[in-house]
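What follows is a set of notes on a single structure, which appears directly below.
The values are calculated or read from the model by the stated rules, or taken from the named source; none is laboratory data. Just so you know, these numbers come straight off a predicted model, no measurement behind them. Positions of Cβ are generated from backbone atoms using ideal geometry, with glycine treated the same way; all protein chains shown enter the neighbour counts. Each accessible area value is taken on the protein alone, full model and side chains, heavy atoms only, with ligands, DNA and RNA left out. Shrake-Rupley method; radii C 1.70, N 1.55, O 1.52, S 1.80 Å.
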Amino acid sequence: MTPVTARTAEGVSSFDRQDWDACAGADNPFVSHDFLSALEDSGSAVARTGWQPVPIVIDGEDGRPAAILPAYAKSHSQGEYVFDHGWADAWHRAGGQYYPKLQIAVPFSPVPGPRLLLRDPSLGAALIGAAETLTREHDLSSAHATFVETDQIPLFEAAGWLIRTDRQFHWANRGYGCFDDFLAQLASRKRKAIRKERAAAVAGLEIVHLTGAGIEARHWDAFWQFYQDTSARKWGRPYLTRAFFALLGERMADRVLLIMALRDGRPIAGALNLIGSDALYGRNWGAIEDVPFLHFELCYYQAIEAAIARGLARVEAGAQGEHKLARGYEPVPTYSAHFIPHPGFRRAVAEYLEEERRAIAANIEGLGDYTPFRKG
């Protein structure tokens, strides 16, 4: 077998855009060079914010990247949406140093997708081995690959990484021609409730869908207000800078769908989505007016309409939120993989994950009984 050499790079921005995207593919916008470099160049995911970019690369015989891990040295566990704070506390109580750790992820984005970016599919195991080597050589407590697409989990499993399960709520397009086709599949009571919610949400408002050149600086200014309000209530400070949204508009506006609610022509709320090859991904939302049900309208119902119109297979509306269940979003498992070199710590985490996995499976099965779809 030919020896494989891996290296770390200074960041996504240090790569040629075409070289990175040749590994990342075109399906998932979150692992694209445009998105990840915007996080760096805007100061959102950088060493100062606890996200030091350290992408791991294996070069091909042609000298271009053949496999990449979007990796970060993390000095905290914020902005990940797979919660290991309890692990960190336990490690510290035992006298260990949990941070820095290696995080293989898309910062601030609980979106399942590829974490092994492979122009050469044969290099997956080697890339995982490189992450293990980096973790050991730098005496890091652990390495974590979060929101890994299902097809890549067996590679991490084969390498001996611990697999963690969680769940999200996704909407599936079952060949609907319009929103009413979707509603027709729901129980009568649920169908009436959704229609009532939608009518209340949009009363006196205009809803607009903006993408590409239709998104202007004034729209980003308005959305920045919305985002800051939501961030202040959830996290105390925004993860993303205003510059990030400007770069998103400059670099990938055609993959952005901004849904806004206007009152008398003035934006009062908005939801930011990214468009993938087969999915619409809801990311951020905010409002400067408290309008009942408007969150559901912009983030869930309008996203469904947009996905149907574009012929997309599903809507992924972000982390958490059992309230999505009544609105046609169904529970699906999500996965992460964890490398823990210390045998005792690994054993303790493995036991915890086994119990958690059973609980999540039972939760998904139980929630499936509460979907709004007609039974029988």
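Just a few scattered comments:
Yes/no matrix, rows are residues, columns are (1) buried (at least 17 other Cβ atoms within 10 Å of the Cβ); (2) over 20 Å from Ser37 (Cα atoms); (3) in contact (Cβ under 8 Å) with a residue 40 or more places away in the chain; (4) not basic (Lys, Arg):
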residue: Glu216; (1), (2), (3), (4): no, yes, no, yes
residue: Trp224; (1), (2), (3), (4): yes, no, no, yes
residue: Thr230; (1), (2), (3), (4): no, yes, yes, yes
residue: Pro238; (1), (2), (3), (4): yes, no, no, yes
residue: Leu247; (1), (2), (3), (4): yes, no, yes, yes
residue: Pro267; (1), (2), (3), (4): yes, yes, yes, yes
residue: Gly270; (1), (2), (3), (4): yes, yes, yes, yes
residue: Gly276; (1), (2), (3), (4): yes, no, yes, yes
residue: Asn284; (1), (2), (3), (4): yes, no, yes, yes
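- The single condition among (1) open to solvent by 10 Å² or more (accessible area, probe 1.4 Å); (2) at pLDDT 95 or above that Thr2 does not meet is (2).
- Close pairs (6 angstrom Cβ cut-off, 6 or more residues apart or separate chains): more than 30 Å from Arg358 (Cβ to Cβ) in the range 167-184, hydroxyl-bearing (Ser, Thr, Tyr) and not in a strand (DSSP E or B) anywhere: Phe182/Tyr176
- Looking across the range 12-40 at every residue that is open to solvent by 20 Å² or more (accessible area, probe 1.4 Å) and aliphatic (A, V, I, L, M), the one that is nearest to Pro53 (Cα to Cα) is identified as Ala22.
- Some residue of the range 294-315 being at pLDDT below 95 and small (Gly, Ala, Ser): no
- Number of positions in the range 180-213 that are open to solvent by less than 20 Å² (accessible area, probe 1.4 Å) and assigned to a helix (DSSP H, G or I): 5
- Residue tally, condition more than 22 Å from Ala200 (Cα to Cα) and not small (Gly, Ala, Ser), over the range 285-316: 6
- Among the numbered conditions (1) modelled with pLDDT under 95; (2) open to solvent by 20 Å² or more (accessible area, probe 1.4 Å); (3) touching a Leu at 6+ places or on another chain (Cβ under 7 Å), the only one that Ala350 does not meet is (1).
- One residue alone among Ala253, Ala269 is touching a strand residue (DSSP E or B) at 6+ places or on another chain (Cβ under 8 Å) and either over 29 Å from Leu155 (Cβ atoms) or aromatic (Phe, Trp, Tyr) (or both), and that residue is Ala269.
- Residue match in the range 6-25 (condition: farther than 23 Å from Ala126 by Cβ and hydrophobic (A, V, I, L, M, F, W, C)): no
- Looking only at the range 253-265, residues that are closer than 17 Å to Phe30 by Cα and either open to solvent by 10 Å² or more (accessible area, probe 1.4 Å) or among the basic types (Lys, Arg) (or both) come to 3 in all.
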